[in-house]
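Peer 1: Dumping the structure here so I can ask a few things about it.
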Amino acid sequence: MSDASISASETPTGEAGFGDFYALLKPRVMSLVVFTALVGLLAAPVGVHPIVGFAAILFIAIGGGASGALNMWWDADIDRIMKRTQGRPIPAGKVTEGEAFAFGITLAVMSVIMLGLAANFVAAGLLAFTIFFYVVIYSMWLKRWTPQNIVIGGAAGAFPPMIGWAVATGGISVESVLMFTIIFMWTPPHFWALALFMKSDYEKAGVPMLTVTHGRRTTRVHILVYTLLLAPIAIGAAFTSIGGPIYLAVAVILNAAFLKGAFDIWRRDEVSAEADGYRTEKKVFALSLFYLFGHFTAILVQSMLAPYGIGSW
Amino acid sequence: MSFREPHEIHKRRFGRNLGLGLVLAAFVALVFGLTIAKVSNEDFSVPQQNESAS
């Protein structure tokens with residue numbers, strides 16, 4: 001290679017750093033995947049060898065990361081338009097679209113095969129479906145077509161605890177479906193609370209978001225409705241094998257707080273929201289993060305105490 | 001004796017190669033660990049040799 005070629009200020013192809021490829025995996029999303037999958041794995045009534053468990057969580061995380069990379073490959077055109085996403089590796093010119101696609105598809109195939117070999121093929125099948133759902137159903141189809149994109153697309157983020165459960169048990173059960181449903185129903189109010197106070201340029205990118213297509217009043221109503229539907233599911237999980245008195249106490253407190261927050265959001269109009277800089281919306285968004293973390297931590301605590309005969313019904 | 005300061009692109013390339021090397025080494029270690037865990041499992045049994053085939 002000549003000096004002329006390496007002195008170019010921009011080297012967009014074939015010369016991305018390790019960190020650029022790591023950024024393609026959406027590390028922050030991956031941390032949520034790891035946590036919820038781990039809770040699903042540990043809450044299951046069947047024990048798993050620690051190395052098998054570690055490998056399974058790693059391959060689930062890699063599968064989640066691969067779908068993030070494939071999402072960035074598909075959405076490169078809109079990522080270039082929106083301010084929030086312009087720093088991502090493809091729009092920033094660090095990784096080419098072809099590289100991102102090759103990286104994502106390789107990791108996706110590898111993670112599914114390795115999860116099948118390390119754990120079982122039910123878990124691997126669920127991981128494959130999750131990747132397919134996030135990339136094809138959400139990114140390619142729903143995201144640019146319907147304002148309910150976040151509702152159905154949220155399912156992709158809800159699968160990890162089900163996969164973790166399947167790693168241990170080799171199947172699907174009421175408990176794993178409940179963990180899925182909690183995240184599935186939690187995603188819309190969580191995301192829409194953010195959408196209310198984040199000035200986003202989805203409109204410019206041609207992505208139909210509920211706040212834009214149906215207005216902010218409708219979004220506020222949707223937040224309340226989803227939170228109302230979520231509460232009985234989250235509290236009901238307390239009476240299954242993953243629940244117990246500790247989980248019940250946590251779920252009742254968190255759901256009461258989340259419902260109050262959703263009610264406050266519904267009651268407000270745009271004038272008062274703008275007047276105080278969307279304080280309530282920001283508070284509910286922060287609470288929603290704590291809400292999910294609290295529920296899954298409570299499930300984890302219940303499963304940790306169960307072998308000692310403490311905490312279960 | 002003086003060496004030229006490596007260009008930024010060389011540093012980046014080295015970082016990428018080092019990262020990939022470490023990831024591959026970790027993968028080998030993981031597969032080895034998985035193999036040990038699987039064969040140490042009580043359920044594990046060596047496949048029986050088919051007598052008629054020999």
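Quick note: the coordinates plus some simple rules give every number you see, no bench work behind them. Keep in mind it's a predicted model, so treat the numbers as computed, not measured. Ideal geometry is used to build each Cβ from the backbone, glycine not excepted, and the neighbour counts take in all protein chains shown.
Peer 1: Just list whichever of A:Lys204/A:Lys283; A:Lys26/A:Lys83; A:Lys26/A:Lys260 have alpha carbons separated by over 23 Å in the model shown.
Peer 2: A:Lys204/A:Lys283; A:Lys26/A:Lys260
Peer 1: What net charge is computed for the residues neighbouring A:Trp73, neighbours being all others with C-beta under 11 Å from the C-beta of A:Trp73, Lys and Arg scored +1, Asp and Glu -1?
Peer 2: The answer is -4.
Peer 1: Could you work out the relative contact order of the range A:17-172, using alpha carbon pairs under 8 angstrom and six or more residues apart, expressed as a whole percent?
Peer 2: That works out to 35 percent.
Peer 1: On to the next question. If you count, for each residue, the other Cβ atoms within 10 Å and average over each peptide, how do A:299-311, A:35-47 line up from highest to lowest?
Peer 2: Top to bottom by mean Cβ count within 10 Å: A:35-47, A:299-311.
Peer 1: Let me ask something additional. Which shape class, rounded, prolate or oblate, goes with chain A when its Cα gyration tensor gives a ≥ b ≥ c as root eigenvalues, a/c under 1.5 marks rounded, and past that a/b bigger than b/c marks prolate?
Peer 2: Verdict is oblate for chain A.
Peer 1: I would also like to ask the following. May I ask you to order A:85-97, A:267-279, A:126-138, A:152-164 by the average number of other C-beta atoms within 10 Å around their residues, highest value first?
Peer 2: Final packing ranking: A:152-164, A:126-138, A:85-97, A:267-279.
Peer 1: Once Lys and Arg get +1 and Asp and Glu get -1 on their Cβ, which of A:Val135, A:Ser173, B:Val39 lies farthest toward the positive end of the dipole of the protein assembly as shown?
Peer 2: The Cα lying farthest towards the positive end belongs to A:Val135.
Peer 1: Given the -39500 (n - 2.57) contribution per DSSP H run of 4+ residues, what per-residue ellipticity at 222 nm results for chain A, rounded to the nearest 500 deg cm²/dmol?
Peer 2: Helix contribution divided over all residues of chain A: -23000 deg cm²/dmol.
Peer 1: Once you keep just the Cα pairs under 8 angstrom separated by 6 or more residues, what percentage relative contact order results for chain A?
Peer 2: 18
Peer 1: Please work out the Cα center distance from the range A:44-90 to the range A:104-137, rounded to the nearest Å.
Peer 2: Using only Cα atoms to place each centre, the spacing works out to 11 Å.
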